[in-house]
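The values are calculated or read from the model by the stated rules, or taken from the named source; none is laboratory data. These figures come from a predicted structure and were not determined experimentally. Please note: Cβ atoms are built from the backbone with ideal geometry, for glycine as well, and neighbour counts cover all protein chains shown.
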Amino acid sequence: MKADILFKLADLIKKRRSSNREDSYVKSLLEDGTKKINEKVFEEALELIESTATDFPGKEEKVIHEMADLWFHTMVLIENEGLELEDVLSELESRLGTSGHEEKSSR
């Protein structure tokens, strides 16, 4: 899988900012603002958690689907906040090789 899909998606989300609300789900989220986007991120996070809570046929596909939904909505949130995907990826990269406990205590 190509890692640049995240950059393509971020670019598409940025372009949708200038779309028509009736034609673009992203545009409607951005116009509805932070509260609506946060509600969607929360909803998708809960759906992801629920999909991992028990074993059931098709679980793997469900988890992948819910994770994709969560990533998508967090990327809309990044755009809404005026941030760049590169900033988030740089932060993740800076944490490579650092213990999670160590990173958390440094904040």
Is one or more of the residues making up region 43-57 in contact with an Asp or Glu (Cβ under 7 Å, 6 or more places away or on another chain), surrounded by 11 or more Cβ atoms within 10 Å (Cβ to Cβ) and either in contact (Cβ under 8 Å) with a residue 40 or more places away in the chain or among the acidic types (Asp, Glu) (or both)?
yes
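Residues Glu44, Glu61: which one is touching a His at 6+ places or on another chain (Cβ under 7 Å) and at pLDDT 95 or above?
Values: Glu61 fails: touching a His at 6+ places or on another chain (Cβ under 7 Å).
Criteria check complete, one pass: Glu44.
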Return the pair list, or none, for Cβ contacts closer than 8 Å from residues in region 21-36 that are closer than 13 Å to Glu79 by Cβ and without any contact (Cβ under 8 Å) to a residue 60 or more places away in the chain to residues that are polar (S, T, N, Q) and surrounded by 13 or more Cβ atoms within 10 Å (Cβ to Cβ), at least 6 apart or on different chains.
Val26/Ser19; Lys27/Ser19; Leu29/Asn80; Leu30/Asn80; Gly33/Asn80; Thr34/Asn80
Looking only at region 22-42, which residues are exposed (fewer than 14 other Cβ atoms within 10 Å of the Cβ) and part of a loop (DSSP other than H, G, I, E, B)?
Glu22, Asp23, Gly33
Considering every residue within region 62-81, establish whether at least one is surrounded by 13 or more Cβ atoms within 10 Å (Cβ to Cβ) and of a type in the set (S, T, N, Q).
yes
